[in-house]
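Worksheet: one structure, shown below.
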Amino acid sequence: MNLIDGFDLLVTSFVGPTITREWHLSPSAVGVLLSGGLAGMAFGALFLAPLADRFGRRRLTVGCLALASLGMLAASVSQDFSQLLVCRLVTGAAVGAMAASLPVLTSEYANTRRRGLVVALITTGYGLGSVIAGVASSILLGSFGWRSVFVLGCVATAILFVVGLRFLPESMDYLVARRPREALARFNRILVSMGRPAVEELPAAASASASRKVALESLFRGSNAVRTVLVWVAFTAAQLMFYFASSWTPSLLLQAGMSNQQGISGGLLFSLGGVTGAVLLALLVSRVRASRLTAAYFAMGALALILFSVSLGTLASALVVAVLVGLFLNGTVSGITVIVPTTYPAEARATALGLAVAVSRLGAVLAPLLAGVLLEAGWAPGSMFRIFAIPGVIGALATILLARFGRVSRDAGSSAAEPGVVKSAAAEA
């Protein structure tokens, strides 16, 4: 599902140059179009993701797959800039809600030892989706035009909607915390599918008042407020760097004198590097503290952007460095995604991560817009890569401080332990 999200969200980066030529768009208009999906993500993370804590992770995820599929279908038949922008906003909203819900669902089903590993691994889906978007664009653009790439995304998302409707389980932590209709029966079906015996009653859950208190008060009170702000700063910095590079790399390589195919190749290598970075972080996170590892990714990402800025004159070196840029920048996003879910109890995880994602989307939305304005103002591509290295330094400092502050504390009234109520279910079984 993260792979499809990555395809649906980042496909505009690869078809953007073709749309620009067909509709004669200015660089600033291209920046707005690239930011459309990201602005939709902010909306989805802020207003749709919290619904997962109320109605369930599964229901929200399946509904968002349907919405994303419709958004991609509408984009394929859009006739002007405004229509396409609205379609990107709709698709982005669905992707944003899933971006907050899927890591939480994954975290809740993972054991304590491998929780960071599996959450980091699913974030590779964005990079893989971007790779597929680049490959599909290089194959389809010449023969069928840019609309065919959106049709492919629509069909793939619709297929995954059907698969999710059949196979995606509900969060066991959600069933215990919210106790919806037939919660015990659903809980036992999941236990049996995992090879565990059924239970006669659900484990004890935290009270609703404790959940609200954890979600709304403790995050912004005392030293916890500092920790929450540090998460937001680091996440925003990661989004600034990543979405600037992922959105503009193909177009900026064209501006630097390369061909359209070479620009797509640069974007593909960036995406492949992103997958590698997320996998590498997943392998290291069980051995190195996630906040320290993420700080190192931030610092190396800033250096990679500076190195990329001076390698644009040579195709071979630019393509090699593009891999390093993708590796470290995607690693920063994966690292923050690993850090956040383990900070909050079950009743507030999707809400808390959704809030962090929504705030960080300010960076994701501003990055393509700012790049478009700078390009229209006459900035050289190399200078733009250097200016976007600054958030890497800020993000590294924020995650270093976050490592010193440690975990956000929970109120005494909350009974959600770090492994979640699934551990309690196992004990009862």
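No value in this document is a laboratory result; all are computed from the given coordinates. Remember, it's a predicted structure, so these values are computed and weren't measured experimentally. Glycine gets a Cβ as well: all are built from the backbone with ideal geometry, and neighbour counts include every protein chain shown.
Backbone geometry of segment 22-36 corresponds, through the Karplus equation with coefficients 6.51, -1.76 and 1.60 at θ = phi - 60°, to 3J(HN,Hα) couplings of 5, 9, 6, 7, 7, x, 5, 5, 4, x, 5, 5, 5, 7, x Hz, x marking Gly and Pro. Here the gap between Val320 and Val288, fully extended at 0.36 nm per residue and compared with their Cα-Cα distance, gives a gain of 8.8 nm. Each of Ile19, Ile390 was scored by other Cβ atoms within 10 Å of its Cβ. Arranged with the fewest first, they read Ile390, Ile19.
Given charges of +1 on the Cβ of Lys and Arg and -1 on the Cβ of Asp and Glu, with all other atoms neutral, how large is the dipole of the chain about its Cα centre, in debye to the nearest 20?
Around 880 debye, computed over the chain.
Highest-first packing order for the peptide set 330-336, 104-110, 240-246 is 330-336, 240-246, 104-110, based on the mean count of other beta carbon atoms within 10 Å. Averaged over residues, the count of other Cβ atoms within 10 Å places the peptides 131-142, 181-192 in the sequence 131-142, 181-192, highest first.
With neighbour counts taken as other beta-carbon atoms within 10 Å, the residues Met172, Met384, Met72, Met98 rank, fewest first, as Met384, Met172, Met72, Met98.
The sum of -39500 (n - 2.57) across all DSSP H runs of n ≥ 4, divided by the residue count of the chain, sets its helix-only mean residue ellipticity at 222 nm to -26000 deg cm²/dmol.
Per-residue counts of other Cβ atoms within 10 Å, averaged by peptide: what ranking do you get for 34-40, 393-399, highest first? Spell out each step's value before the answer.
Details: 34-40: 27.1, 393-399: 22.3.
Peptide ranking by packing, descending: 34-40, 393-399.
Distance distribution note for segment 2-428: the fraction of Cα pairs above 33 angstrom is 31%.
Between Phe55 and Arg179, the modelled labels are 2.3 nm apart [label points 7 Å from Cα along Cα→Cβ]. Put a dot 7 Å past the Cα of Ala225, heading toward its Cβ, do the same for Gln261, and the two dots end up 5.8 nm apart. Relative contact order for segment 2-428: 27 percent, from Cα pairs under 8 Å spaced at least 6 residues apart, divided by residue count. Were the residues from Leu165 through Val373 laid out at 0.36 nm apart, the gain over their Cα-Cα distance would be 70.6 nm. Ranked from largest, the principal axis spans of the Cα set of segment 110-181 equal 52, 31, 15 Å. In plain terms, the residue of Glu201, Glu376, Glu22 with the fewest other Cβ atoms within 10 Å comes first and the most crowded comes last, giving Glu201, Glu22, Glu376. Put a dot 7 Å past the Cα of Ile139, heading toward its Cβ, do the same for Ser26, and the two dots end up 3.8 nm apart.
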